[in-house]
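The values are calculated or read from the model by the stated rules, or taken from the named source; none is laboratory data. Everything numeric here is computed off the predicted structure, so don't read it as measured data. Cβ atoms come from the backbone with ideal geometry, glycine included; neighbour counts cover every protein chain shown.
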Amino acid sequence: MLDELREFFRYTNQETKEIFISIIFMAFIFSFLPLSLGFGNVLFVLTSSLIITGISFFIHVSLQKAISVLRGYVATYKYWLIGLLFSLITAFVSMGTLPLVLPGVIEIDIVERLRLGKFPYGINYGELAFISLAGPMSNIFIAFLLKPLYIITNSSLFKYAIIINLLIAVFTLLPLPHNTGLNIFMNSRLLFYVSFFTVLLYSVLIWYGNIWALFGAFSLSVIVSFFIYSKTK
């Protein structure tokens, strides 16, 4: 497993460039929300947004790439420039009240050596859905880990990080062209609806809930994980 990751887990120069551009767009869009609410100065908000978005989205893509290798594929991130530009325009028009982000999608290619002995031999679109879903779920998990820190410290920075991760999780699951959600939607409508509404419910529990709501969210994630795994085998 570790040998496979060391050999096939890598970023191309073009992929790194597209991830960086996506992060810049999203960080700028997310900076509208606290500024529209009068939170912090411009430089602090932009810097915080860039760091939080960069870490969160890097984990989002990295988990998709890591799971793809373990499933016998190599995943490559492709940004959706039209989606990013549309998101930016939406942020300007709404004055930050609709921080929509449509960054891009993961595409997978078969690694023949990694697929030996696996069935089916070609691309399994159920596995593509599973790989794609790993990204949004990583952001839900980050928000889950940050919530207790926010409860303890009442820090606006932790609150902002939770908002960013929940927004990335929800908006990347929209079933639009060149967006993660479409990979899931095209594989299984049932899987998509379960995943999307679970993420919405999970987001509400994390945002509005106390420690018991977090426990409920964790229990829900275990149940849904078994369901998703069974549907993508």
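Just one of LEU166, LEU133, LEU149, LEU157 is at pLDDT 75 or above and either touching a strand residue (DSSP E or B) at 6+ places or on another chain (Cβ under 9 Å) or under 16 Å from GLN64 (Cα atoms) (or both); which is it?
Matching residue, one of LEU166, LEU133, LEU149, LEU157: LEU133.
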Can you confirm whether region 173-191 contains a residue that is touching a Phe, Trp or Tyr at 6+ places or on another chain (Cβ under 9 Å), without any contact (Cβ under 8 Å) to a residue 12 or more places away in the chain and in a helix (DSSP H, G or I)? yes
Only residues in region 10-35 that are within 20 Å of SER49 (Cβ to Cβ) count as the first member; pair them with residues that are of a type in the set (Val, Ile, Thr) and buried (at least 21 other Cβ atoms within 10 Å of the Cβ), Cβ under 7 angstrom, at least 6 apart or cross-chain, and list the lot. ILE19/VAL61; ILE23/THR53; MET26/THR53; MET26/VAL101; ALA27/THR53; ILE29/VAL101; PHE30/THR53; PHE30/ILE164
Evaluation of GLU127 against (1) under 15 Å from GLN64 (Cβ atoms); (2) at pLDDT 90 or above; (3) over 13 Å from the mean Cα position of the chain (by Cα) (one fails), failing number: (2)
Considering only residues of region 62-78 that are modelled with pLDDT of 90 or more and over 21 Å from ILE142 (Cβ atoms), which is surrounded by the fewest Cβ atoms within 10 Å (Cβ to Cβ)? LYS78
Residue check, ASP109 against (1) part of a strand (DSSP E or B); (2) in contact with a Ser or Thr (Cβ under 6 Å, 6 or more places away or on another chain); (3) loosely packed, with under 14 Cβ neighbours inside 10 Å, all met but one. Which one? (2)
Members of region 45-81 found to be in contact (Cβ under 8 Å) with a residue 24 or more places away in the chain, hydroxyl-bearing (Ser, Thr, Tyr) and farther than 14 Å from TYR11 by Cβ, listed by number: SER48, SER49, THR53, SER56, TYR73
Verdict on PHE92 being closer than 19 Å to THR12 by Cβ and surrounded by fewer than 18 Cβ atoms within 10 Å (Cβ to Cβ): no
